[in-house]
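All remarks here apply to the structure that follows.
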């Protein structure tokens with residue numbers, strides 16, 4: 001499907017080594033702060049599961065539990081098919097480096113293009129000002145970009161109301177939203193949506209808590225194949241308790257459809 | 001913690017048989033339609049994980065993938081500890097009957113009573129009329145109760161605006177909310193919240209789609225130990241696509257705290 005000219009495809013590619021095992025090479029460009037971006041890792045797992053299930057190419061639901069921080073370099077994804085029948089299949093998948101398990105996941109895959117296209121959405125599409133009136137991620141200070149090479153992978157244009165944290169004036173609404181696309185023009189697809197749900201800065205930035213917010217668990221549902229063009233991504237949190245917060249994410253495509261939903265449970269930055 | 005006099009505790013009890021294996025007996029009283037209620041099964045898994053992790057008694061996050069329909073009778077839960085360090089542990093758990101896997105799950109457990117009690121919620125507590133002005137589940141027609149013995153386990157009082165489906169006039173808002181407690185007076189705890197997030201009728205009833213809505217995936221976050229008394233449970237769906245819908249659930253305790261959040265992906269009733 002992809003020509004392989006795009007960075008995301010090259011750097012999430014997996015090589016089968018038999019019996020459900022896939023070799024991957026985690027690329028350093030997806031670092032953010034002390035670790036590798038969780039959405040990128042989810043996409044690497046997503047590619048291995050896709051390779052294991054040729055007739056069911058699309059993630060419908062993926063739940064990932066983050067066990068330890070990944071580092072750039074070789075990794076292995078082990079896919080164990082737990083059920084494969086009818087139009088969907090469910091697998092367990094583990095991302096490992098050396099003898100360390102990084103992420104353990106469950107996933108149900110199917111073929112989104114074969115599903116009925118009856119869509120009824122009562123959710124409201126997030127309002128974003130036009131792209132040219134939003135704040136590009138390229139305006140981030142040099143020192144931020146130095147610790148977050150991840151940002152160079154994307155073209156993100158933030159809602160002006162949701163970037164106060166970048167200048168020490170967080171909006172304190174618990175919401176961050178932005179236009180989102182790959183910097184090199186790669187169009188979105190279901191695997192890329194696994195990345196998109198965890199690509200923005202943690203929503204805690206908007207609550208005046210800068211710093212790393214490690215994900216404990218993230219579940220994503222991919223609801224439709226996204227149309228080409230800009231995505232709208234909206235993160236929100238409503239409940240902080242026990243030193244943890246939930247982060248809900250919605251991804252809308254250029255056709256105005258809610259194409260992915262996710263929720264993660266993360267630790268509050270210290 | 002529990003005296004064992006309550007039905008829920010007796011019927012979710014597990015007996016260790018070594019090496020992470022736990023025997024359970026699925027009770028027929030939790031049937032609804034053609035299968036056993038998914039929330040009850042989640043609670044059975046939850047008890048086995050709790051037994052395996054004595055110092056981390058509470059589910060923080062649980063993700064369950066439903067593979068086949070369970071039946072009343074013997075079952076086994078196999079718990080595999082994937083990481084146990086610091087204040088949390090992550091496990092994989094499988095519920096099996098004979099050689100069939102019914103549910104495969106991942107879970108992170110901890111000790112909710114040991115966590116900081118700083119709570120900041122911007123979510124709004126759902127409005128429900130007083131208990132005595134809501135519609136008791138005991139008013140359901142005889143033929144409904146005959147196929148849903150599950151209902152006898154609970155005392156549910158539905159928001160009058162959300163029961164039109166019971167008389168052929170669905171509200172078509174995609175919301176069902178109710179007061180919820182156990183019929184025998186057992187007080188809620190974190191394991192019972194795993195049941196509560198999947199105990200109400202499917203929210204599709206309110207959209208004029210009666211019938212079984214099989215869960216593909218359900219992820220629940222337990223955010224705090226619930227206070228004794230009535231729970232408020234609210235289910236909502238906003239996006240139907242590809243023959244599937246998401247069902248978001250919130251559970252609020254009698255102290256007005258958002259104590260559990262869940263989302264499931266389910267198939268639309270045919």
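Derivation of every value follows stated rules applied to the coordinates shown; laboratory data play no part. Source: prediction; values computed, not measured. Virtual Cβ from ideal backbone geometry, glycine too; neighbours counted across all protein chains shown.
Quick look at the numbers
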{"quantity": "Neighbour-count ranking [beta-carbon atoms within 10 angstrom, fewest first] of A:137, A:55", "calculated": "A:55, A:137"}
{"quantity": "Shielding by partners, peptide A:240-252 (average Cβ within 10 angstrom, other chains)", "calculated": "5"}
{"quantity": "7 Å along Cα→Cβ, label-point gaps from residue B:169 to other copies, nm, shortest first", "calculated": "5.2"}
{"quantity": "Candidates A:146, A:213, A:27: whichever shows maximal mean-square fluctuation once chain A is modelled as a Gaussian network with Cα springs under 10 Å", "calculated": "A:146"}
{"quantity": "Average beta-carbon neighbours from other chains, 10 Å sphere, peptide B:56-67", "calculated": "4"}
{"quantity": "Residue-averaged beta-carbon neighbours from other chains (10 angstrom radius) around B:217-227", "calculated": "5"}
{"quantity": "For the range B:31-167: Kirkwood Rh in Å [reciprocal of mean 1/r, alpha carbons]", "calculated": "17.7 Å"}
{"quantity": "Mean-position separation - Cα centroids, the range A:43-102 and the range A:188-209, in angstrom", "calculated": "20 Å"}
{"quantity": "Spatial separation of Cα centroids for the range B:137-174 and the range B:216-270, in angstrom", "calculated": "17 Å"}
{"quantity": "Listed residues A:98, A:164, A:110, most fluctuating in chain A (Gaussian network, C-alpha, under 10 Å)", "calculated": "A:98"}
{"quantity": "Exposure proxy order (Cβ contacts within 10 Å, fewest to most) of A:131, A:222, A:91", "calculated": "A:131, A:91, A:222"}
{"quantity": "Ascending count of other beta-carbon atoms within 10 Å, so fewest first, for A:240, B:139", "calculated": "B:139, A:240"}
{"quantity": "Per-copy distances of the residue A:121 label point, shortest first, in nm (7 angstrom along Cα→Cβ)", "calculated": "2.9"}
{"quantity": "The protein assembly as shown, helix-only ellipticity at 222 nm - DSSP H runs n ≥ 4, -39,500 (n - 2.57), divided by all residues, nearest 500", "calculated": "-3500 deg cm²/dmol"}
{"quantity": "Shortest-first nm distances, residue A:81 label point to equivalent points in other copies (7 Å, Cα→Cβ)", "calculated": "3.3"}
{"quantity": "Candidates A:99, A:206, A:184: whichever shows maximal mean-square fluctuation once chain A is modelled as a Gaussian network with Cα springs under 10 Å", "calculated": "A:99"}
